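Structure, as structure tokens:
What follows is calculated from the coordinates using simple rules that are stated; it is not laboratory data. Bear in mind the structure is a predicted one, so any value in this text is a computation, not a measurement. Cβ: placed from backbone, ideal geometry, glycine included. Neighbour counts: every protein chain shown.
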Amino acid sequence: MLLVVHNVTSATRLLDVLPLFRDDLRVQVLATCTGSSPFQAGVAELLEATGVPVLPWEQALATPVDLAISASYGGQLDEIQGKLVVLSHGVGYNKKLTTPDTGHRTPDTG
């Protein structure tokens, strides 16, 4: 199983589900970071603290996995060699918003 990390926020969401697999000896857990997020500060340290082996992104793309789990849509997720599950990483993350109709108000009216 491959945890696909984009930033600390997505990593913490993935770490929420890690205990579901951690003690299953049939499952080898690996992690990778896509490098696609501008908010990567702290990712390497967080992954190191988990003890999960970390693959460089290019190596992860070349490694077939039974399951990849991501908490963001960024990066080249379509190039992962295996089934992909994308979890939300916060309230409203996958929510579709429409622009509210404010009548005569426009953004430039203050």
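Fully extending the segment from residue 41 to residue 23, taken as 0.36 nm per residue of separation minus the present Cα-Cα distance, adds 3.6 nm. Taking a point 7 Å out from the Cα of residue 85 in the direction of its Cβ, the residues of the stretch 18-62 whose backbone N falls within less than 18 Å of it are 18-32.
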